[in-house]
Amino acid sequence: MIQISDAAADKIIEMIRDIDSERYFLRVGVSDGGCSGLSYSIRFDDTLGEGDRAITWGEFQVVIDYASVEYLEGIQIDYKDSGLSGGFTIDNPNAKFSCGCGASFRTAAYRGKVEKCD
């Protein structure tokens, strides 16, 4: 379903250790919004919801909510350490259009709810 680079996995493990709790997992999702219509959400969470899909990835779990699964099929998560502009990146084969910052996208079948970026 998804791929996570070694660099991203190492950073996720480091961040989980920094919050000092192995009960946390990486939650990846999509919601309406952003300048292209759909926005990515990546955060740590410790509560599973109904319909969540959990994937074990080495030392941690990735959880995707049911509504986001179709938009995240085949994504590749990477981490680039580039000073001030470093961070997680998502390469999404489902995205037919993305904004310049890469945080917002739309698919061929769903445009989402376009909102002005800050």
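Figures for the structure shown
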read-out: Some residue of the stretch 13-23 being crowded, with 18+ Cβ neighbours inside 10 Å and either in contact with a strand residue (DSSP E or B) (Cβ under 6 Å, 6 or more places away or on another chain) or at pLDDT 80 or above (or both); value: yes
read-out: Any hit, the stretch 10-29, residues being more than 25 Å from Thr107 (Cα to Cα), assigned to a helix (DSSP H, G or I), acidic (Asp, Glu) and touching a residue at least 24 places away in the same chain (Cβ under 8 Å); value: yes
read-out: Whichever residue in the stretch 77-91 is part of a loop (DSSP other than H, G, I, E, B) and either modelled with pLDDT of 90 or more or not charged (D, E, K, R) (or both) and, among such residues, is surrounded by the fewest Cβ atoms within 10 Å (Cβ to Cβ); value: Ser82
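Every residue, every condition in (1) more than 14 Å from Ser31 (Cβ to Cβ); (2) in contact with a Gly (Cβ under 7 Å, 6 or more places away or on another chain); (3) modelled with pLDDT of 85 or more; (4) surrounded by fewer than 15 Cβ atoms within 10 Å (Cβ to Cβ), yes or no:
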residue	(1), (2), (3), (4)
Ala67	no, no, yes, yes
Tyr71	no, no, yes, no
Ile75	yes, no, yes, no
Pro93	yes, yes, yes, yes
Lys96	yes, no, no, yes
Cys101	yes, no, no, yes
Ala109	yes, no, no, yes
Lys116	yes, no, no, yes
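The values are calculated or read from the model by the stated rules, or taken from the named source; none is laboratory data. Note that the coordinates shown come from a computational prediction; the quantities given were computed from them, not determined experimentally. With ideal geometry, Cβ positions are generated from the backbone for all residues, glycine too; neighbour counts draw on all protein chains shown.
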